[in-house]
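The values are calculated or read from the model by the stated rules, or taken from the named source; none is laboratory data. Everything numeric in this text was worked out from a predicted model, so none of it was measured. Neighbour counts run over all protein chains shown; Cβ positions are idealised from the backbone, glycine included.
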Amino acid sequence: MSNRTVNINVHHITRVEGHGNIVVNATNGKIEKLQWQVPEAPRFFEAMVRGRSYEDIQTIVSRICGICSISHSLAATKAVENATGIQVTEQADRIRLLMHYSEQLQSHVLHVGYLVAPDLFGMPSVVPLVAAAPGPVKTIIGLHRLANEWSELLAGRITHPVTLRPGGLTKIPTEKQLRELQERLRNCLPNLKAVADVVLSVAGNLPKFERPTEYVSLKQTDPPTYAFYHGEIASTDYQGTVAVNDWKSVANEYVSDQSTAKWAKWHRESYAVGALARFNNNAELLSPTAQAVAKMFGLTKGCCNPYFNSVAQIVEAVHVVEASIELIDVLLTRGLKPETVAVSPKAGKASGAVEAPRGILFHEYEFDRKGNCMSADMCIPTNQNHANIQKDIEKLVPEILDEPEDKIRLKLEMLVRAYDPCVSCSTHMLDVEFVK
Amino acid sequence: MAKPKIAIFDFACCEGCQLQIVNLEEEILDLLGVADVVEWREAMSEKSDEYDIAIIEGSITRMEDEERLKRIRGCAKVLIALGACATIGGVNKLKNNFEDLEEVKKCVYGKAAHKPHLHTGMTKAVTEVVQVDYCVHGCPIDGKEFAYIVRSLLLGKTPEIPEYPVCVECKANGNPCQWQYDQVCLGPIIRAGCGARCPSNGFRCFGCRGYVDNPNVEAARDVINRYGLSIDDLKTKMVLFGSRQEPTIYE
């Protein structure tokens, strides 16, 4: 064991969504304080939606997060429909799934390409990376733009969807638009593969660190699908699945002094959600090219290196593109029909879940007979990861305490970034504080 | 001449407006050719206290944030409010409709609500705390409008922001009126500039760009009467982004 005295204080970690701090204090090799803190200003969405109409809920709560607004909108819309007994048509359900896939691609490309890649190349941001690797950066920009235009086509705009309404959609794409989208998706596969190759060339810079933990995600068995949008709650520590309405028995949320965001635990002291969790629960259901990309990185089921979450995101980016190409075939084969939605909401309480890019997301609402919201509860992926990040830091720091301080700092920042935290969602977070 | 220095800061918000800047993709690189971005926590590791233009996203909910914002104002020659949270308070202001913030805290955090780090105050727009030179409206902002405003400033020109309601753009797009579908649409009183994005996608306007400077209250009343609705129906929609916003149509 080292005799080092180390004080690191990363106050407001950069290149993450939201505010978080990392504090490390060690004196003569004895660790005094290791903390992942979340000081984001809380916004109280669960309180704010009370009294609002069932048809306005999605408009409000999509604002929980600018990066995963489609996921929040979809989770909310599903929960509202479940609670008020409103049925959604098969066609609308498929188009929503296609919309959901667009956000996975957008968010994963943004995270791996703009936020994580600079660390792997030893640069402070993507801006100097443009000069160092113009080709790959251009490819990433092209993929990000494609994902955005795909969201815009189906959600009405890139961020904060305006086409979702309880029971269906306010607008559907034309068959011509879907065929064009499908063509672009086919054409982007080689580009995704090129990005994977570039990341693979620097993947040696991903720290070698492992800590077995519980991985929680959706699982869809009917038909078996790599789940993002349907299914029940599954875990690597648990046989079988838990119904979405029972998510509170999974998340077991509690308030930590370190954080304005809530924390969660299930079978262990912490669990992880996100791309790696989905991979660990559902890897055999990935599309063929996605499986090939996983193999390329040596990513296999049971991986417990949190830094490999970014690799799992690349694998998933490929998967959602291939799955969408197939989904568009289904939509086109059945033919698009305009649908009018007549709804009569009933009183009730229920939940909805989707996989946001950064992990499983739960929304729950209760409505009165007039369709006004009486109570709400949301459980955000990053909240479910906070305790796991803390436990990772507690195992990682003693292992690397002999390394130069800037290396310790970088590995800690990279660890937090790997989780793709969305702190505005969970409220906000991140800083590294070293005390000497 | 030295390149002007730009810094981007965020307060309570979803950071979706910053994302619209990221989404400009190559256009940001053009912007970087004529200006230096010296601080942008979401995208870069660099930090700085020296800047000419400060761009502020988010609304203000805590005393420490109010002080931080005032410090930023003190450093910046020009301050731009970015998006509805900064310009009018946005959805964050829904909380202000509950008189008792202690109850609001308890609703979300239960027994832990008293913890000091969960303290919160009434939500304020950036415009209510410091002097704002320019507003980029919307939730989220339109990236193109943002680029236009910044480009205008860098060229020493005053950007022109529409002072007419969303209905003007909606009509120009040839959309059927949302009111005909029993939707309480705020188009008649909300500032245009979004290209009537929501009604063009079959969704009612919910007012994210704030009220137009002189909202035509009488016209709004006519519409309400024509569709047999009450001021209360309108109020329940206006509250989403416009809580305690002046002027109010019903006072």
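Keeping to the range A:58-104, report how many residues are in a helix (DSSP H, G or I), hydrophobic (A, V, I, L, M, F, W, C) and within 14 Å of chain B (Cβ to nearest Cβ).
Total meeting the criteria: 8.
Please report, ordered by residue number, the helices (runs of 4 or more DSSP H) entirely within the range B:1-87 with at least 2 residues that are under 22 Å from B:V129 (Cα atoms), in contact (Cβ under 8 Å) with a residue 24 or more places away in the chain and assigned by TED's automatic domain parsing to the domain that holds B:L101.
Helices (runs of 4 or more DSSP H) meeting the threshold: B:16-22, B:63-75, B:84-87.
Quick check on the range A:85-115: of everything there that is surrounded by fewer than 23 Cβ atoms within 10 Å (Cβ to Cβ) and among the polar types (S, T, N, Q), which residue is modelled with the highest pLDDT?
For the range A:85-115, the residue satisfying everything is A:Q91.
Name every residue in the range A:40-57 that is at the interface with chain B (Cβ under 8 Å from one of its Cβ atoms) and of a type in the set (S, T, Y), in order of residue number.
A:S53
What number of residues in the range B:91-117 are under 25 Å from B:C17 (Cα atoms) and at the interface with another protein chain (Cβ under 7 Å from one of its Cβ atoms)?
Of the residues in that region, 4 qualify.
Could you run through the range B:185-235 and say how many residues are loosely packed, with under 14 Cβ neighbours inside 10 Å, without any contact (Cβ under 8 Å) to a residue 24 or more places away in the chain and within 28 Å of A:S62 (Cα to Cα)?
Number satisfying all stated conditions: 3.
Working only within the range A:109-129, note down all residues that are assigned to a helix (DSSP H, G or I), within 20 Å of B:I28 (Cβ to Cβ) and more than 10 Å from every other protein chain (Cβ to nearest Cβ).
Within the range A:109-129, A:V109, A:H111, A:V112, A:G113, A:V116, A:A117, A:L129 meet the criteria.
Report yes if B:A113 is in contact (Cβ under 8 Å) with a residue 12 or more places away in the chain and either part of a helix (DSSP H, G or I) or crowded, with 18+ Cβ neighbours inside 10 Å (or both), otherwise no.
Considered against the rule, which asks whether it is in contact (Cβ under 8 Å) with a residue 12 or more places away in the chain and either part of a helix (DSSP H, G or I) or crowded, with 18+ Cβ neighbours inside 10 Å (or both), B:A113 comes out as no.
Would you mind finding the one in A:I70, A:I64, A:I95, A:I60 that is touching a residue at least 24 places away in the same chain (Cβ under 8 Å) and farther than 23 Å from A:Y226 by Cα? Even if it seems obvious, please write down each step before you answer.
Details: A:I70 fails: farther than 23 Å from A:Y226 by Cα; A:I95 fails: farther than 23 Å from A:Y226 by Cα; A:I60 fails: touching a residue at least 24 places away in the same chain (Cβ under 8 Å).
The match here is A:I64.
Return the pairs, sorted by first residue and then second, in which the second residue is at pLDDT 90 or above and of a type in the set (D, E), the first residue lies in the range A:336-348 and is within 13 Å of A:T84 (Cβ to Cβ), the beta carbons are less than 8 Å apart, and the residues are 6+ apart or on different chains.
A:A347/A:D368; A:G348/A:E366
Which members of the range A:247-259 meet the condition of being surrounded by 13 or more Cβ atoms within 10 Å (Cβ to Cβ) and not in a loop (DSSP other than H, G, I, E, B)?
Correct list: A:K248, A:V250, A:A251, A:V255, A:S259.
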